[in-house]
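Undergrad: Pasting a structure here, questions to come.
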Amino acid sequence: MARIALVTGGIGGLGTAICIRLAQDGCTVIANCHPSEAAAATEWQAARAAEGLTITTIAADVSSFDDSTRMVNDIIAQHGTLDILVNCAGITRDKTFRKMEAAQWNAVIDVNLNSVFNVTRPAWEGMLERGFGRIINISSVNGQRGQFGQANYSAAKAGMHGFTMALAQEGAAKGVTVNTVSPGYTDTAMTLAMDDAVRASIISGIPMRRMAQPAEIAAAIAFLASDDSAYITGANLPVNGGLFMH
Ligand code: CAA
C-alpha cells in the first residue's frame with residue numbers, strides 16, 4: 001500500500017521538490033497550500049500531471065488550528081490514514097531587531113512554528129494507533145546558528161527542533177519517528193527575495209560556494225520518510241553545503 005503523505009507549504013519552492021520526490025518514491029502525496037493560492041494550486045497540479053505525477057492539493061491556513069484539523073481530518077476520511085507529515089510551510093519577515101514590529105514577529109511564529117502544533121496534533125493519535133508515522137519538520141541552518149535580520153525566523157526554526165526532540169520521545173516506542181531537516185540556503189523564491197549583495201555575500205561564505213537545489217533537500221526528506229530510516233528519531237539532519245557544522 002502506498003504511504004499517504006501530506007506536505008504543508010507543498011506548492012512552494014522546497015515543498016514542490018519534496019512532493020515530486022515523495023510521489024516518485026511511490027507515496028500518495030497531498031500538497032497543502034494557503035486558501036489564497038487556489039488558482040496557483042490548480043496550475044501547480046496540472047504541471048505535476050504533465051510530469052506524469054498525480055498529486056492532489058488541499059487548501060488550509062496552517063496558522064489556524066481549526067483549519068489544520070479540518071484538513072487532516074479530510075485527508076484521513078478520504079485516504080483512511082496519514083502516514084507521513086512534512087511540516088514545510090514557512091515565511092520570512094526579515095528585519096533587524098530594532099526595526100522589527102510585533103506583526104512581523106507574530107506572523108513568522110504563527111506560520112513557521114505554531115503551524116507545526118496545528119497540523120501535527122490532529123495527525124498524531126492516528127499514527128500512534130496504527131503504529132507507524134513519519135513526521136519531518138523543515139527547519140533551517142538559521143535555526144541552528146542564528147542569522148542577522150532573522151530573530152523571528154531563527155527563533156521559530158530553533159523551536160521546531162525542540163518540538164522534534166520532545167515528540168520523538170513520545171513516538172519512539174510506537175513506530176512513529178520525528179525528525180528535523182535543516183536546509184541551508186536553497187535556490188527558491190525565498191532566497192531570491194534577498195538583496196543581491198547580501199545573497200552574494202552569504203554564498204561566498206558557504207564552503208561549497210553555491211546554494212542547494214531543492215531536490216538535494218528533498219532527497220534527505222525522502223530518506224527520513226522511508227522505511228529505511230526506522231531507527232532514526234529526534235535527529236536534526238543538516239543539508240547546508242558545509243555552512244554550519246556541529
Ligand atoms: N552582520 C553584521 N552586520 C550586518 C550584517 C551582518 N550579517 N548585515 C548587515 N549588517 C549591518 C550593515 O553593515 C549596516 O551597518 P551600519 O548601520 O553600521 O551601516 C546595518 O547592519 C544595516 O542595518 P539595517 O537595520 O539598516 O538593515 P537593512 O535594512 O540594511 O537590512 C536585512 C536588514 C534585510 C535583514 C539584511 O540584513 C538581510 O537581508 N539579512 C539576511 C537575512 C537572511 O539571511 N535571510 C535569509 C532568507 S532565506 C531563508 O530564510 C531560508 C533559510 O532557511 C536559509
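Undergrad: For the condition β-branched (Val, Ile, Thr), open to solvent by 20 Å² or more (accessible area, probe 1.4 Å) and away from the ligand (no atom under 15 Å from the Cβ), what is the one hit in 84, 76, 135, 91? Full working, then the answer.
TA: Numbers: 84 fails: open to solvent by 20 Å² or more (accessible area, probe 1.4 Å); 135 fails: open to solvent by 20 Å² or more (accessible area, probe 1.4 Å); 91 fails: away from the ligand (no atom under 15 Å from the Cβ).
The conditions single out 76.
Undergrad: For the range 1-86, which fully contained helices (runs of 4 or more DSSP H) count at least 3 residues that are under 14 Å from the mean Cα position of the chain (by Cα)? It would help to see each step written out before you state the result.
TA: On the way: elements: 13-24, 38-50, 65-79.
Fully inside the range 1-86 and qualifying: 13-24.
Undergrad: Which one is farthest from the chain's Cα centre (by Cα) among residues in the range 144-198 that are of a type in the set (A, V, I, L, M) and near the ligand (Cβ under 10 Å from one of its atoms)? Even if it seems obvious, please write down each step before you answer.
TA: Keep residues of the range 144-198 that are of a type in the set (A, V, I, L, M), which gives 151, 155-156, 158, 160, 165-168, 172-173, 176, 178, 181, 189-190, 192-194, 197-198.
Right, trim to near the ligand (Cβ under 10 Å from one of its atoms) and you get 151, 189-190, 192-194, 197-198.
Numbers: 151: 19, 189: 15, 190: 14, 192: 18, 193: 19, 194: 20, 197: 27, 198: 24 Å.
Step by step, filter the range 144-198, then rank; the result is 197.
Undergrad: Give all pairs with beta carbons closer than 6 Å in which a residue from the range 85-106 that is over 16 Å from residue 221 (Cα atoms) meets a residue that is part of a helix (DSSP H, G or I) and more than 13 Å from the ligand (Cβ to nearest atom); count only pairs at least 6 apart in sequence or on separate chains.
TA: Sorted first by the residue in the range 85-106, then by its partner, the pairs are 93/107.
Undergrad: Output the residues belonging to the range 104-132 that are among the polar types (S, T, N, Q) and either in contact with a strand residue (DSSP E or B) (Cβ under 9 Å, 6 or more places away or on another chain) or within 14 Å of the ligand (Cβ to nearest atom) (or both). It would help to see each step written out before you state the result.
TA: Here is the first cut: in the range 104-132, the residues among the polar types (S, T, N, Q) are 104, 106, 112, 114-115, 118, 120.
Scanning the range 104-132 gives 104, 112, 115, 120.
Undergrad: List the helices (runs of 4 or more DSSP H) that sit entirely inside the range 140-246 and contain at least 2 residues that are under 30 Å from residue 129 (Cα atoms) and in contact with a Cys (Cβ under 9 Å, 6 or more places away or on another chain).
TA: Details: elements: 141-145, 151-171, 189-192, 196-204, 214-225.
Ranges flagged: 214-225.
Undergrad: Anything in the range 195-212 that is closer than 21 Å to residue 12 by Cα and in contact with a helix residue (DSSP H, G or I) (Cβ under 8 Å, 6 or more places away or on another chain)? List them, or say none.
TA: 199, 210, 211
Undergrad: I need a count of the residues in the range 199-226 that are within 10 Å of the ligand (Cβ to nearest atom), open to solvent by less than 30 Å² (accessible area, probe 1.4 Å) and more than 20 Å from residue 18 (Cβ to Cβ).
TA: Number satisfying all stated conditions: 1.
The values are calculated or read from the model by the stated rules, or taken from the named source; none is laboratory data. These numbers were taken from a predicted model, which means no experiment stands behind them. Virtual Cβ from ideal backbone geometry, glycine too; neighbours counted across all protein chains shown. To get the accessible areas, we keep the full protein, side chains included, count just its heavy atoms, and leave off ligands, DNA and RNA. Shrake-Rupley method; radii C 1.70, N 1.55, O 1.52, S 1.80 Å.
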